[in-house]
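What follows is one structure encoded as C-alpha cells, with my remarks underneath.
The values are calculated or read from the model by the stated rules, or taken from the named source; none is laboratory data. On a predicted model such as this, the values are computed, not experimentally measured, just so you know. Neighbour counts are summed over all protein chains in view; Cβ atoms, including those assigned to glycine, are modelled from backbone coordinates with ideal geometry. Side chains included, ligands, DNA and RNA excluded: accessible areas come from the protein's heavy atoms. Shrake-Rupley method; radii C 1.70, N 1.55, O 1.52, S 1.80 Å.
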Amino acid sequence: MIEFKDILDAKSRIEDQIIKTPTTYSTLLSEQTDCSVFLKLENLQLTGAYKVRGALNRLEKLTQEEKDNGVIASSAGNHAQGVALAAKKLGINATIVMPETTPLSKIQGTKKFGAKVILHGNFYDEAYQKALEIQKEEGQTFIHPFNDPDIIAGQGTIGIEIFESVKNLDVVIIPIGGGGLISGVSLALKTLNPKVRIIGVEAEQMPAMKESIAKGKIVEIPKKKTIADGIAVTTVKENTFKLVQKYVDEIVTVTELEMAHAIVKLLEIEKVLVEGAGSTGFAALSAGKIKNVDGKRVGIIVSGGNIDLNFLSKVLERGLCEDGRICNLKIIVPDAPGIISDISSQIAKHGANIVDIYHNRTFSNTHLGETAVHFTLETKGHDHIKDIIEAIESMNLVVSSS
C-alpha cells in the first residue's frame, strides 16, 4: 500500500518533466447537468494521456543496472507511449507489447518515441503474458501498467493538482481500467479533502473492478470488445483492488453509445478531443448514472485523447445519428418520373439537407412498379425528423427511419 507521502515524492520527482494540465470550468456542461462541472484535461498531457506520470516516476527510480538492461511493458496504447517517452528522456531502451487491435494512432505514437513495438493477441491480457515471456528471456525490468506502487503514486499527482486548482469539490469522477489512476488520485484527494466523494467509471462491457468489489475478491471477467480500449482489462490486481476498496465510494458503468455520445458532446461543446476511456466520466454524468449531484461541484478526469481518426469518424456519425442530426429515411415510392423531385421539395421546405440518395429496385421487398429509395439527411434533431416524416406521409407514401 502506498501512502500520501509517496505521491508527494512523485510530484517532486516528475513535475519539471510533465505538463500541469488545466482544470477548466464548463458553463454549458454545467447547465446541461445541473451541477458545476470541472474538467481535468489530461488529454493535453505529454503523449496525450496521463500515463507518462507513472512511467516517469517508475523509471526515475530504476537502478543503473536496471536502466542498462532496458524496460519492457504491455499496453493497449497510453501506457505504451508513457513508458516509451519516459525511456527516451532517460536514455533507456524500451520494448512494448501491444494487442494487435490497438488503434493505429497509439502504435505510431509509441514508435515515434523510439520504442520497439511487438503486436500480439487481441486483448491486453494476451499482450501482458507475451511481455512477461520476453522479460524472462531477455532480462528487462517489467513496468506494470497499473499495479506498481510507483506507477500508482505517479498517477496520484493528478489528485494534488486537482485540489490545488479547484478547492472544495464535492464529487470527482475517474475512469477505471486496472485501477492505477483511480487508486492514486483517490488516495491523494481523500487525504486532502476527506469529504470528497470518489466515483469510478468502467465500460459496461468490461467491469472488472466493479465485479471484484461487489464480490469482495478479485475476479476475472470475459473478454469483450469496447470502444474504451484503454480500460479494457479482464482482471485487476491486489494493490489497486485494496486501494479502491478503501477510497472509492461507488463504481458505475457506461454503455458504448453513452461513451460515443460523450465523445461527440465534449468535442462539439468544449472543443475537447477524447478517446473512449477518456469519455467515461462525462458519459456517466450526462447519462444520469451518478446520483445526488444537483448543485454540487463535480470534477471529471478526462484521462486521454488518443483516438484513431478513422474510428473517430465512425463515432461522430453514430453520435450524430443518436442526436437526430443525421437520419436515413426509407421511402416506398411509385417507380415514376417526378416523385423524387416532389420528395426532395418537401425535405427542402423543412430545412433538411440531402446528403445521399440510393435507389433499390432489385433487392427490396416492394411490389412491381414500386421502388425503395433511401435518403440520408442532415437534420436538426428528432422532432425535426418527425416533422419531415409526417410531411412525406401526407403524400401517401410509406416511410421508415433508421
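With equal scatterers on the alpha carbons only and no solvent term, can you work out the Debye log10 of I(q)/I(0) for the chain at 0.07, 0.09, 0.10 1/Å?
Debye curve over Cα of the chain, log10 I(q)/I(0) at q = 0.07, 0.09, 0.10 Å⁻¹: -0.39, -0.59, -0.69.
How large, in percent, is the carbon and sulfur part of the accessible surface of the chain at a probe radius of 1.4 Å?
Details: 8280 of 17410 Å².
Here carbon and sulfur together make up 48 percent of the probe-accessible area.
Let me have the 222 nm mean residue ellipticity of the chain computed from DSSP H runs of 4+ only, each contributing -39500 (n - 2.57), with the sum over all residues rounded to the nearest 500.
Working: 16 runs with 180 residues, N = 402.
After summing the helix terms and dividing by the residues of the chain, the value is -13500 deg cm²/dmol.
Which whole number in µm²/s is D for the stretch 68-197 by Stokes-Einstein, with the Kirkwood Rh taken over Cα pairs at 25 °C and 0.890 mPa s?
Numbers: Rh = 15.6 Å.
Answer from the Stokes-Einstein relation: 157 µm²/s.
Starting from the stretch 273-382, pick out the trypsin sites (Lys or Arg not before Pro) whose DSSP state is loop and whose Cβ has at most 13 other Cβ atoms within 10 Å.
On the way: sites: K289, K291, K296, R297, K314, R318, R325, K330, K349, R361, K380; in loops: K289, K291, K296, R325, R361, K380.
Passing sites in the stretch 273-382 are K291, R361.
Once you list every other residue whose beta carbon is under 9 Å from the beta carbon of S303, what net charge do they have if Lys and Arg are +1 and Asp and Glu are -1? Don't skip to the end; give the middle numbers.
Working: positive: K40, K51; negative: E42, E275.
With Lys, Arg at +1 and Asp, Glu at -1, the neighbours total 0.
Please sort 19-25, 74-80 by packing, taking for each peptide the average over its residues of neighbouring beta carbons within 10 angstrom, highest first. Don't skip to the end; give the middle numbers.
Numbers: 19-25: 15.3, 74-80: 29.7.
The packing order, highest mean first, is 74-80, 19-25.
In degrees from 0 to 90, rounded to the nearest 10, what is the angle of the helix 238-247 Cα long axis to the longest principal axis of the chain?
Long axis of 238-247 versus the principal axis of the chain: about 80 degrees.
What aspartates and glutamates sit close enough to K210 to cross-link, taking a C-alpha to C-alpha distance under 15 Å and skipping anything fewer than 8 places away on the same chain?
Reachable aspartates and glutamates: E202, E220, E238, D249, E250.
For the ranges 124-131, 169-176, what's the packing order if you count other beta-carbon atoms within 10 Å of each residue, average per peptide, and put the highest first? Mind dumping the intermediate values first?
Values: 124-131: 21.1, 169-176: 25.8.
The packing order, highest mean first, is 169-176, 124-131.
Nearest 10 degrees is fine. How inclined is helix 78-90 to the longest principal axis of the chain, computing both from alpha carbons?
In the chain, helix 78-90 runs at an angle near 40 degrees to the longest axis.
Excluding residues fewer than 8 places away in the same chain, name every one of the lysines whose C-alpha is closer than 24 Å to that of K5.
K20, K40, K51, K61, K167, K190, K195, K237, K242, K246
May I ask you to evaluate 6.51 cos²θ - 1.76 cosθ + 1.60, the Karplus curve with θ = phi - 60°, for each residue of the stretch 97-110 and list the ³J(HN,Hα) values in order in whole Hz, giving x for glycine and proline?
Taking θ as phi minus 60°, the curve returns 9, 10, x, 5, 8, 4, x, 4, 4, 6, 5, 5, x, 6 Hz for the stretch 97-110.
What ranking do 366-375, 45-54 get when scored by the average of other Cβ atoms within 10 Å per residue, highest first? Please report the intermediate quantities before stating the final value.
Numbers: 366-375: 15.3, 45-54: 27.9.
Going from most to least packed, we get 45-54, 366-375.
Using only Cα atoms, find the angle between the long axis of helix 149-165 and the longest principal axis of the chain, and express it within 0 to 90 degrees, rounded to the nearest 10.
Relative to the chain, helix 149-165 is tipped by roughly 70 degrees.
What residues have an amide H closer than 5 Å to that of L119, excluding those fewer than 5 places away on the same chain, when H is modeled at 1.01 Å from N in the peptide plane?
Amide H to amide H, under 5 Å and 5 or more residues apart or across chains, L119 pairs with M98.
Rolling a 1.4 Å sphere over the protein heavy atoms, what is the accessible area per residue of the stretch 1-110, to the nearest Å²?
Numbers: 4340 Å² over 110 residues.
With the other protein chains kept in place, the stretch 1-110 gives 39 Å² per residue.
Report the relative contact order of the chain, percent, no decimals, based on alpha-carbon pairs under 8 angstrom and at least 6 residues apart.
On the way: 855 pairs, mean separation 63.5, N = 402.
Contact order relative to length: 16 percent.
Can you pull out the trypsin sites (Lys or Arg not before Pro) in the stretch 94-128 whose DSSP state is coil and whose Cβ has at most 13 other Cβ atoms within 10 Å? Write down the numbers at each step before the final one.
Numbers: sites: K106, K111, K112, K116; in loops: K112.
Hits after loop and neighbour filter: K112.
Using θ = phi - 60° and the Karplus relation 6.51 cos²θ - 1.76 cosθ + 1.60, list the HN-Hα couplings for the stretch 223-233 in order, rounded to whole Hz, with x at every Gly or Pro.
Each residue's phi maps through the Karplus curve to give 7, 9, 6, 8, 6, 8, 4, x, 10, 8, 10 Hz.
Below 15 angstrom from the Cβ of D294, what's the summed charge of the other residues (Lys, Arg +1; Asp, Glu -1)?
Numbers: positive: R197, K289, K291, K296, R297; negative: E31, D34, D170.
So the surrounding residues net to +2.
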